[in-house]
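The values are calculated or read from the model by the stated rules, or taken from the named source; none is laboratory data. What you see is a predicted model, and the numbers here were worked out from it, not measured in a lab. Using ideal geometry, Cβ is built from the backbone for each residue, glycine included, and neighbour counts are taken over all protein chains shown.
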Amino acid sequence: MKFTEEHEWLREEGELIVVGITEHAAEQLGDVVFVELPDVGDTVSKDDEIVVIESVKAASDILAPLDGEIVEINEALADEPGKVNDDPMEGAWFFKMKASDLSPMDEYMDEAAYKKLIA
Amino acid sequence: MADLKTTLLHNLHLSLGAKMVPFAGYDMPVQYALDVMKEHQHTREKAGLFDVSHMGQVVVRGDSYTQAAEALERLIPVDILSLSEGRQRYGFFTNEAGGIEDDLMLANRGDHVFVVVNAACKEADIGHMKSALEPAVKVEEITGRALLALQGPASEAVLAALDPRAAEMRFMDVATLDLNGVEAWVSRSGYTGEDGYEISVPSEAAEDIAKALLAHEDVEPIGLGARDSLRLEAGLCLYGHDIDTTTTPVEGALTWAIQKVRRTGGVREGGFPGAETILKQLDTGAPRKRVGLKPEGRAPMREGVELFATENADVPIGQITSGGFGPTAGHPVAMGYLATAHSQIGTTVYGELRGKRLPLTVATLPFTPANFKR
């Protein structure tokens, strides 16, 4: 698993990359009340703002970590946005994407480096 | 941040694990360990303690209450003169254009008027009162007292345990209570839509009183985050957002605060800044109006979102001035201004959010029923 400075996690699943936010990020956001996901089939560029998370405090954007195409989104988050707080690392994944360029993966942090970032 | 002011309870906030943010020039707690959602719910279910010491406390004193009240009526379009001793009333300073310079609470405390104003406006308000009213009456900022708000259904039992007279007060009563030997100026009012009190105590006793209230199992400390969501659900205006120097009391849907004696045909008609505009609007209406807005989807719509009559209309008919998620309502809630023609309860309008037009319904305020002790 890899981590971005934007507090996203990226997990390889076959040829797809699954993306969510870290427990640390979910804690900082507070109670999540709304998640807006991209559409399946969207072509996205790295650093596009493609997810909006609204907590009771504020709205935050999540950036596309890689270039590619969105192939699946976590529909359950529409009805249960609170899953982002309850299960950020597993059940509350946001989207799966087919990356057209995996090279940024090498620059993203491993778990140890991420833990250092948030320490 | 070095020039941020602190309240007398700053150390207590830090010791309670508050997350501090700058607000109106003060370093204030935005949330504590419970987090905004639970702080909000706790206040609605039990009781929350808020530090509102950043707000301005002002004593306006003349030869008599009457003289001070008459003087203030030159700045505020409210019946202050006939406010009974021991009673409190909402009001606002107006400007020559009929806009609102600040909103405030006024109390008849026997021989003087006790005024509580917003933190961000307090210097301007005090300067305004001094230059307009002194030396005939004396305007004195009370700097030696902290201000606490105890809000929520358990508030009465909590405060009455310190002084049983708290239970005898009705909504908008003011009284001097004895809290552990300390003279407290107390009003039964607040900014959450719940029953509760605002409690002014001397500086040296502030931390002890706050700790005594927090010692009750039903009381949690509550930050500015939940204060905002509580007041929004209660339909209460945040000055500088929902009302400001460009909104008249009629546009702001605050006409209930202007008693008949100050209106056209009243015994003390007009005589306040902007009276011509405000009195005319009271009779004929204003071009726009503050309304409650319920987003129909799950997406909260916040301050600044433009409102349109249809999904395709080019020209906006209004704007959201406060919005977010209502933890008690269980859905997004908002307030904003709409052209009067579109401001009827039940009207559907469209907010432009991230390039999409999403429906909202004009809704009655408050979003959650008020729970006052009448």
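Residue count for region B:351-370 satisfying the condition of being surrounded by 16 or more Cβ atoms within 10 Å (Cβ to Cβ), away from chain A (no Cβ under 14 Å) and hydrophobic (A, V, I, L, M, F, W, C): 5. Looking only at residues in region B:357-371 that are at pLDDT 95 or above and part of a strand (DSSP E or B), the one that is farthest from the chain's Cα centre (by Cα) is B:ARG357.
For region A:52-82, residues that are closer than 11 Å to A:VAL32 by Cβ, more than 10 Å from chain B (Cβ to nearest Cβ) and touching a residue at least 12 places away in the same chain (Cβ under 8 Å) total 3. Residue check: B:GLY324 meets all listed conditions (1) in contact with a helix residue (DSSP H, G or I) (Cβ under 7 Å, 6 or more places away or on another chain); (2) away from chain A (no Cβ under 13 Å); (3) in a strand (DSSP E or B); (4) not aliphatic (A, V, I, L, M) but one, namely (2).
Inside region B:187-234, residues that are touching a residue at least 60 places away in the same chain (Cβ under 8 Å) and assigned to a helix (DSSP H, G or I) make up a count of 17. Filter region B:25-45 down to the residues that are over 15 Å from A:ASP31 (Cβ atoms) and surrounded by fewer than 17 Cβ atoms within 10 Å (Cβ to Cβ), then identify the one that is farthest from the other protein chains (Cβ to nearest Cβ). Only one residue fits best here, namely B:GLY25.
Does region B:72-92 contain any residue that is away from chain A (no Cβ under 14 Å), small (Gly, Ala, Ser) and buried (at least 22 other Cβ atoms within 10 Å of the Cβ)? Yes, because at least one residue in region B:72-92 is away from chain A (no Cβ under 14 Å), small (Gly, Ala, Ser) and buried (at least 22 other Cβ atoms within 10 Å of the Cβ). With respect to B:LEU14, is the statement that it is more than 21 Å from the chain's Cα centre (by Cα), more than 14 Å from chain A (Cβ to nearest Cβ) and either at negative phi or not in a strand (DSSP E or B) (or both) true? Yes, satisfied. Among the conditions (1) charged (D, E, K, R); (2) touching a helix residue (DSSP H, G or I) at 6+ places or on another chain (Cβ under 8 Å); (3) farther than 29 Å from B:VAL36 by Cα, the only one that A:GLU15 does not satisfy is (2).
On inspection, B:VAL174 does not qualify as touching a residue at least 40 places away in the same chain (Cβ under 8 Å) and over 19 Å from B:ASN108 (Cβ atoms). Among the residues of region B:101-140, which ones are under 17 Å from B:GLY25 (Cβ atoms), of a type in the set (D, E, K, R) and either at pLDDT below 95 or assigned to a strand (DSSP E or B) (or both)? Across region B:101-140, the qualifying residue is only B:ASP102. The conditions of being out of contact with any helix residue (DSSP H, G or I) (no Cβ under 8 Å at 6 or more places or on another chain), buried (at least 19 other Cβ atoms within 10 Å of the Cβ) and within 14 Å of another protein chain (Cβ to nearest Cβ) are not met by B:PRO273. Exactly one residue out of B:GLY304, B:GLY346, B:GLY297 is free of Cβ contacts under 8 Å to residues at least 24 places away in the same chain, within 14 Å of another protein chain (Cβ to nearest Cβ) and surrounded by fewer than 22 Cβ atoms within 10 Å (Cβ to Cβ), and it is B:GLY304. Of all residues in region B:43-80, those satisfying the criterion of being part of a helix (DSSP H, G or I) and over 29 Å from B:ILE222 (Cβ atoms) are B:TYR65, B:THR66, B:GLN67, B:ALA68, B:ALA69, B:GLU70, B:ALA71, B:LEU72, B:GLU73.
Considering the conditions (1) away from every other protein chain (no Cβ under 14 Å); (2) free of Cβ contacts under 8 Å to residues at least 24 places away in the same chain, A:GLU111 is excluded by exactly one of them, (2). Residues in region A:24-51 that are away from every other protein chain (no Cβ under 13 Å) and either in a strand (DSSP E or B) or within 18 Å of B:GLY297 (Cα to Cα) (or both): A:THR43, A:VAL44. If you filter region B:46-71 down to residues that are of a type outside the set (A, V, I, L, M, F, W, C) and under 21 Å from the mean Cα position of the chain (by Cα), you find that the one that is farthest from the other protein chains (Cβ to nearest Cβ) is B:GLN57.
I'd like to check something: does region A:92-109 contain any residue that is among the small types (Gly, Ala, Ser), over 22 Å from A:THR43 (Cβ atoms) and surrounded by fewer than 18 Cβ atoms within 10 Å (Cβ to Cβ)? So far as region A:92-109 goes, no, none of its residues is among the small types (Gly, Ala, Ser), over 22 Å from A:THR43 (Cβ atoms) and surrounded by fewer than 18 Cβ atoms within 10 Å (Cβ to Cβ). A:VAL84 meets the stated requirement of being at pLDDT 95 or above, buried (at least 21 other Cβ atoms within 10 Å of the Cβ) and under 30 Å from B:LEU224 (Cα atoms).
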